[in-house]
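Read the structure below first, then the notes.
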Amino acid sequence: RPSASVTLGSGLQQFTVAKMTDLIVVPEEVGGLMRESMAIFRNHLDMYHPDYNWIEGTAPWTVPTDPSIADHNLYIQISVTEEVDRLSLSTDESYSLDIVPAPGITTVVIVAQTFFGARHGLESLSQVMNYNEENDCLQIIDSVVIDKDNPAFPYRGLAIDTSRNYIPVKDIERTLDAMSSTKLNTFHWHITDSHSFPVMINSLPKMHQYGAYSSRELYHPDEVRGLVEYGRVRGIRVMPEIDAPAHVGNGWQWGPQEGLGDLAVCVNQEPWASYCVEPPCGQLNLANENMYDVLLKVYQEITHMFQPVDLIHFGGDEVNLNCWNTTDEIVEWMQTVGDGTLSEGHYMQEWSNFQNRAFDLFTDANNGTQATGIIWTSTLTEQGGVDSFLDKDKYIIQIWSAGNDTIIKELLENEFRVIFSNYDAWYFDCGFGAWVGEGNNWCSPYIGWQKVYDNSPHEMAGSQDYYDQVIGGEAAMWSEQVDQVGLDAKLWPRGAALGERLWSNPSSSWEAAEVRMVHHRQRMVQRGVAAERLQPKWCFQNEGLCYA
């Protein structure tokens, strides 16, 4: 649903793909991106054909016998003024769309400041078209005016974890395709965790040799760069998260063999419940200076794979102080730094020191360019302490606790920018059987698309005084219980409900979106996304009759 005013005509115009032409007037710097985006748009129209050939990427269109259809022209004109070819939090993603009918020709005009806005305009255009079975052609609403459609939030994200279970590149590409259909613009890639380190760091080959599940479950640098570009063409930034200082382990065990000492501690330690929130355990060794040298090399190669980097996620949650406090090397080190105590406050300060040092290391790795850091809510951000541990000008806080957490107000009062990912509405891994023990997993019950849709970042922020600090929101798919086999159904079409909330921030609730949601699910399936069915097909064919 556009955020702008929309006028839709009451008629349909049928046309053929063969009679569709375009004129692209854009700066040279974004000409290639715009042509690629137009090719994707054309392919999406072919996918609307029920006999689309997925192997050849073609549709068996026939020529309608009615000359008023066969000879009707569809002319698409796209105008972009700015040379912006990379997404940032300040990028203008707005567009306007006009569809003007005339005898023998329908003219589409998309005007945008940037390529990203024009791409969104093409996406909206594809959603006022569908397949006409009677004449084996396409049909379009004959008159449309969308006036200056632009997103409510600059950050509209989806996080996927590829450490607990590996997700192949082609499945990540399909996820990016689905994201683009809902105008989500940030793929938050939680690449590493204590379970595995599945990305190749050329200067540190032992990271993946120790850390990847197998040689086939590994992301090569060229594959990562390919995904970054794949996302960019679809209006999406691909943002890395290298979680630290907790959520590290497998991949970091090789230090002693190389004379570097223990880079991480508590790795795979038992009983796991004493040292981490879920098995396997592991945290970085703050007492070992060599750890920082290794971390810098990781950051250097990550910046090359994801460049240019405007946002970097440092992770930074669920540190288990008992892990550090039962490690002799760290206990001895703690007594020589800071106030020399083993108090919780001292551990928190050293954790904060690590985080700020990691920020500086990443800046060095990024050729001196300071990227905005994102960090999860944690004990560092708890009441009364966040402003002493973290710099509001360097970090955005991603809130994963409940939507009514009192820390939200404190973060905003301390002038931090925030991204909402409250688990009680936007954690898509909730509501399944437990993977440790019995019963259901920790954040059950299952979260339906209706709750996803109604979860408003502004309502959670409370006062309008804080709206400018709310950068956006993000749904998370932690992968303890998902891999490529079940990925699509767990993400979609719930992710589309997220997309509309973050683009339009509608004042209406999910009921007003239900019919369009069912249609969009069908559209996603046509595009090759195995989105979960929401209702019987009878409801799709009889709009508005499946109500409570």
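List of remarks:
- The angle between the Cα long axis of helix 344-365 and the main principal axis of the chain comes to about 50°, on a 0 to 90 degree scale.
- Each peptide in 303-310, 279-286 gets a packing score, the mean of other Cβ atoms within 10 Å over its residues, and the list from highest to lowest is 279-286, 303-310.
- Residue 217/residue 68 FRET efficiency (R0 41 Å; Cβ-Cβ; nearest 0.05): 0.15
- Note on the chain: Lys pairs 8 or more places apart or on different chains, Cα atoms under 21 Å apart, count 10.
- Average accessible surface area per residue within region 6-149, 1.4 Å rolling probe, Å²: 45 Å²
- Taking amide H atoms as placed 1.01 Å from N in the peptide plane, the amide H of residue 58 lies under 5 Å from those of 53, each 5 or more residues away in sequence or on another chain.
- Dipole moment magnitude, nearest 20 debye, the chain about Cα centre, only Lys, Arg, Asp, Glu C-beta charged: 1340 debye
- With contributions of -39500 (n - 2.57) from each DSSP H run of at least four residues, the per-residue ellipticity at 222 nm computed over the chain stands at -9500 deg cm²/dmol.
- Isolated cysteines in the chain, defined as those with no second cysteine Cβ under 4.7 Å, comprise 137.
- Mean Cβ neighbour count within 10 Å, used as a protection proxy, ranking 241-247, 507-513, 434-440, 491-497 highest first: 491-497, 241-247, 507-513, 434-440
- Axis of helix 169-181 versus longest Cα principal axis of the chain: the two differ by about 60°, to the nearest ten degrees.
- Note on the chain: with neighbouring protein chains present and a 1.4 Å probe, carbon and sulfur make up 48 percent of its accessible heavy-atom surface.
- Against the chain, whose longest principal axis is taken from its Cα atoms, helix 514-526 shows a tilt of about 90°.
- Taking 7 Å steps out from each Cα toward its Cβ at residue 435 and residue 321 produces label points 2.9 nm apart.
The values are calculated or read from the model by the stated rules, or taken from the named source; none is laboratory data. On a predicted model such as this, the values are computed, not experimentally measured, just so you know. Neighbour counts are summed over all protein chains in view; Cβ atoms, including those assigned to glycine, are modelled from backbone coordinates with ideal geometry. Surface accessibility is based on the protein's heavy atoms, side chains included, excluding ligands, DNA and RNA. Shrake-Rupley method; radii C 1.70, N 1.55, O 1.52, S 1.80 Å.
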